[in-house]
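The values are calculated or read from the model by the stated rules, or taken from the named source; none is laboratory data. It should be emphasised that the depicted structure is a prediction, and the values quoted were computed from it without experimental measurement. When we count neighbours, we look across all protein chains shown, and the Cβ atoms used for this are built from the backbone with ideal geometry, even at glycine.
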């Protein structure tokens, strides 16, 4: 597709001035198609992935639509996470720099209501926020949607996955019927289309999604690794490849905490990012990562939405992503601005079949990488130490340490012994709890008549593949989100609740296209209990079980009464 300049789009001079100041001349495909479509005033569905410039695609028309003489809220943007809401707000502010009198505010959980009250009271024409906090402000009468001209749903698929469907529907019901509704999503699931059918009128559909990995600067490798050896393999890859800045992706919040803890114990500057963290802490973590103080950021896919950091050397898929789209989103955060990047994926057990699915989806062959041996690791660390010594010697040593050397020499130690002791103190003794042949999980590439391998070996991720009409690649049962503490302690046997957990029965199962993240998202959204508090989830064909803390049983049962999971009515009760 031929590139389109911003100056060729039907936008105002103040927009062009701001865009030029931001350093952009050409628009991305979603911008060149989306901006004119939204400016025409009709409802729009835009399908594009994260990092393709969607914010400007809806942000520029939103700015154009605002009447600065009117201090009422005229545009509402809903985002799934606080990070994305802040990023969208900041981007719109930059684009609106030269439209005097236009004010933008972000409202989200984790920040005091008072600060947000003051911002809204002054009058803001564009409000960006998460569904939960938007509903809170509506209920408190501090936000009115009666003057809304445009309602925008950004990353709509993620908001639905997080259990925000009812909030979204309720929020939109407060806005005038004659408003313009714009929806952006990376996927076009049945749930997305259901929202569109209910709240949009003959929407114009724009698709710019490319699942192929077009960035030739990204080297992709997979490693068959034993689950318990993933940390050892990852740290070896970090050291041998001399990686400076990395993103590590895990599928659950508890796994993020576990990875961060182990990395920190090993001496790496690692921090985590997930939904259970207070906003102030999340902001601090991101600032340290952008500044390079933190070199390894471990995150869930949802928490990482909106993260845009240049200079990432490598992305680690510590867990195989639960959605095929996530793989593209994850590795797209490296190999930017002409730099090369690496993408590593660890696969274990049944996850091996997901490799074939990802390759088919991205249309890229992923090569099997070689796990560095302990000897290679020792050689790398020794070479790094030698280089540091050379740099210090070249720079010159101003201080005089001869008295220390003489003191040790007088005690009978030779120069070689003294230097060896100093090197040992600096480099340390390099050893591993695993031998080289204990790291790798046996892997044999096999292809049967179907695309991804035999039916019995397919992934149990529980997510639907949109390419195949929602065909499910899982088996008849799933186990997810078992608490780390119970796994380590050997806890109760499968299907029983321990003294602090109670097992609940759900009337939905795999036939209802319910996945573990749908259950967790719905419970956390309706009851506000932390996702990490939820225990083991077992999904069967027609029903499911979930464990919740005994202290929260009443709140969960009452909060979920009459509610839906994945757009389907659910009934819950204590399992018999």
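Numbers below:
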| read-out | value |
| --- | --- |
| Some residue of the range 186-193 being over 30 Å from residue 523 (Cβ atoms), assigned by TED's automatic domain parsing to the domain that holds residue 143 and in contact (Cβ under 8 Å) with a residue 24 or more places away in the chain | no |
| Candidates 304, 291, filtered to the one that is at pLDDT below 90 and crowded, with 19+ Cβ neighbours inside 10 Å | 304 |
| Single condition residue 431 does not satisfy, out of (1) part of a loop (DSSP other than H, G, I, E, B); (2) modelled with pLDDT of 75 or more | (2) |
| Output for the range 255-267, where each listed residue is more than 20 Å from the chain's Cα centre (by Cα) and either more than 17 Å from residue 229 (Cβ to Cβ) or not assigned by TED's automatic domain parsing to the domain that holds residue 236 (or both) | 264, 267 |
| Any hit, the range 10-27, residues being touching a strand residue (DSSP E or B) at 6+ places or on another chain (Cβ under 8 Å), under 30 Å from residue 137 (Cβ atoms) and touching a residue at least 40 places away in the same chain (Cβ under 8 Å) | no |
| Of all residues making up the range 478-509, the number that are within 13 Å of residue 560 (Cα to Cα) and at pLDDT below 50 | 0 |
| Single residue of the range 535-554 satisfying the filter (touching a strand residue (DSSP E or B) at 6+ places or on another chain (Cβ under 9 Å) and free of Cβ contacts under 8 Å to residues at least 40 places away in the same chain) that is surrounded by the most Cβ atoms within 10 Å (Cβ to Cβ) | 544 |
| Among (1) in contact with a helix residue (DSSP H, G or I) (Cβ under 8 Å, 6 or more places away or on another chain); (2) under 28 Å from residue 132 (Cα atoms); (3) crowded, with 23+ Cβ neighbours inside 10 Å - the single one residue 31 does not satisfy | (2) |
| Count of the range 383-417 residues which are under 30 Å from residue 241 (Cα atoms) and either in the same structural domain as residue 242 (by TED's automatic domain parsing) or in contact with a helix residue (DSSP H, G or I) (Cβ under 6 Å, 6 or more places away or on another chain) (or both) | 1 |
| Qualifying positions in the range 309-340 - surrounded by 21 or more Cβ atoms within 10 Å (Cβ to Cβ) and over 18 Å from the mean Cα position of the chain (by Cα) | none |
| Hits in the range 341-367 (condition: under 12 Å from residue 225 (Cβ atoms) and either buried (at least 16 other Cβ atoms within 10 Å of the Cβ) or outside the structural domain of residue 251 (by TED's automatic domain parsing) (or both)) | 344, 345, 346, 347, 348, 351, 352 |
| Top-ranked residue of the range 396-428 - restricted to ones that are in a loop (DSSP other than H, G, I, E, B) and at pLDDT below 85, ranked as surrounded by the most Cβ atoms within 10 Å (Cβ to Cβ) | 428 |
| Scope the range 74-130; condition surrounded by fewer than 24 Cβ atoms within 10 Å (Cβ to Cβ), closer than 17 Å to residue 141 by Cβ and in contact with a helix residue (DSSP H, G or I) (Cβ under 9 Å, 6 or more places away or on another chain); matching residues | 105, 113, 116, 117, 120 |
| Residue that is modelled with the lowest pLDDT [pool: residues in the range 107-123 that are assigned to a loop (DSSP other than H, G, I, E, B) and within 29 Å of the chain's Cα centre (by Cα)] | 110 |
